[in-house]
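Contents: one structure, followed by commentary.
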Amino acid sequence: MKLALALAMAALTACNPKQAERSAPDPSASSTPSASSTPTASSVSSAPSVSSSLPVMTVYKSPTCGCCKSWVDAVKAAGFTVEVHDVDDVTPVKDDAGVPADKRSCHTAIIDGYAIEGHVPPATIKKFLAEHPKAAGLAVPGMPSGSPGMEMPGQEPDHYDVIAFQADGKSSVYESH
């Protein structure tokens, strides 16, 4: 268990090194991205969509995070059109999207007005979009082994919850895996 936690923390640090430097949120800090963290379209993908009714997903991630790239590949394979922005610090995007601090992970996607935080399975995103609930978004906090993009050969997947969260910070389990 300690090894899995250490690996997850190491991966999270690699995905968002600026977040690892922070011990607590600074309420005086602006939520406006700095020049170094302003999203740039480093890679824009237009994978053919399986379902033309799916809106475009915009993903903000660290350029150094391999698990984020793997998650993007998984959502593309599920039929989403994805626009990727590699940024030095994803925190301003998370702040602007209203992702609660205790629900954060390594990357954040915005789709149809919702925030998708972390390794949320593509099928769960499709279900959520079809239901169009009154929520700010979905999150898979941390980086559970076995979630999309976090598959580790030879390692049993973790059990994890997909959390629906509100703009006021309230949350509930949306789905369990």
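Just so you know, all these numbers are worked out from the coordinates, no wet-lab data involved. Everything quoted here is computed from the prediction, not taken from an experiment. Glycine gets a Cβ as well: all are built from the backbone with ideal geometry, and neighbour counts include every protein chain shown.
Observations, loosely collected:
- Prolate/oblate/rounded label for segment 56-105 (Cα gyration tensor, a/c 1.5): prolate
- Between Glu131 and Asp96, the simple spin-label model (points 7 angstrom out along Cα→Cβ) gives 2.8 nm.
- Stretchable slack from His159 to Asp112, in nm (0.36 nm times residue separation minus alpha-carbon distance): 14.1 nm
- Pair-distance distribution P(r) for segment 89-177, from all Cα-Cα distances in 5 Å bins starting at 0: 3, 15, 29, 25, 17, 8, 3, 1 percent.
- Checked against a 21 Å cut-off, the cross-linked pairs Lys103/Lys134; Lys61/Lys170; Lys94/Lys170; Lys61/Lys103 give Cα-Cα distances beyond that limit for Lys61/Lys170.
- Working note: Karplus 6.51/-1.76/1.60 with θ = phi - 60° gives segment 107-115 the couplings 9, 10, 10, 10, 8, 6, x, 9, 9 Hz, where Gly and Pro are set to x.
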